[in-house]
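Here, each number is a calculation from the coordinates, and none is a lab measurement. Nothing here was measured: the structure is a model prediction, and the numbers come from that model. Here the Cβ is made from the backbone with ideal geometry for all residues, glycine too, and neighbour counts use every protein chain on show.
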Amino acid sequence: MLQESPEILGEEGIGRRANRFYFDGMRPPQTLDIATLPPLTANSATLVFYSPTSFRLNRKESRYWDLEMFCNNLLQRAELLCNNYGESTEWPQEKLLQQMLAMTSTASTDISNRFRLSSRQKKRIDCSGLTGQVHLKNISPDAGRILSIGAQIGVGKNTTFGGGRYTISR
């Protein structure tokens, strides 16, 4: 029965104090070349944030949907990951950012409270953020590729702790 539980729960469930959990270890690890990801060809798409996501830009933090913070965080995270693995990013950063900011967004999100226990700091760390759906329109091909990359790598603050995951539905 325990073996079947993740499948029954859809690999996701609710833990103590209604915190969401996700069985990451159930999938085999994979190496993915993000340059080979198929581009998002639709002019519009819906991002479904299923793990709490918050954003930080210029020392300002937000747990609510903010297109500018989302775009900046996503581009920064993709660039940092590429640089960390020795890949050059010769992206036209400013041009990509402007294309992403030209999108229009409509959010239908809620705040999801989530905490983790830090054994090093001996305290609870707040990893709360938004969950729900964001509908994007006027997606350029380059912005669509970056959105596809973001669905693989996550975005926002607390990404290393499982926050910031989204899927794209067309």
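With unit charges on the beta carbons (Lys and Arg positive, Asp and Glu negative) and the dipole taken about the Cα centre of the range 95-143, which residue among Ile139, Cys127, Leu101 sits farthest to the positive side? Ranked along the dipole, the leading option is Cys127.
Return, ordered by residue number, the residues of the range 126-165 whose backbone nitrogen is under 12 Å from a label point located 7 Å along Cα→Cβ of Ser44. Label zone hits: 135-139. Anisotropy class assigned to the range 36-122 is oblate, per the alpha carbon gyration tensor with a/c at or over the 1.5 cut-off and a/b no larger than b/c.
Taking square-rooted eigenvalues a ≥ b ≥ c of the alpha carbon gyration tensor, is the range 107-168 rounded, prolate or oblate, where a/c under 1.5 means rounded and, failing that, a/b exceeding b/c means prolate? Can you show the working numbers first?
Numbers: a/c = 4.41, a/b = 2.01, b/c = 2.19.
Oblate, because a/c is 1.5 or more while a/b does not exceed b/c.
Highest mean packing first, where packing is the average number of other Cβ atoms within 10 Å per residue, the peptides 117-129, 133-145 line up as 133-145, 117-129.
For Lys137, a cut-off of 20 angstrom between C-alpha atoms picks up these lysines, skipping any fewer than 8 places away in its own chain: Lys95.
Simple rule: put +1 on each Lys or Arg Cβ and -1 on each Asp or Glu Cβ in the range 55-164, find the dipole, and look at Ser148, Leu67, Ile111; the Cα lying farthest toward the positive end is Ile111. A straight chain from Gln152 to His135 at 0.36 nm per residue would run longer than the Cα-Cα distance by 4.3 nm.
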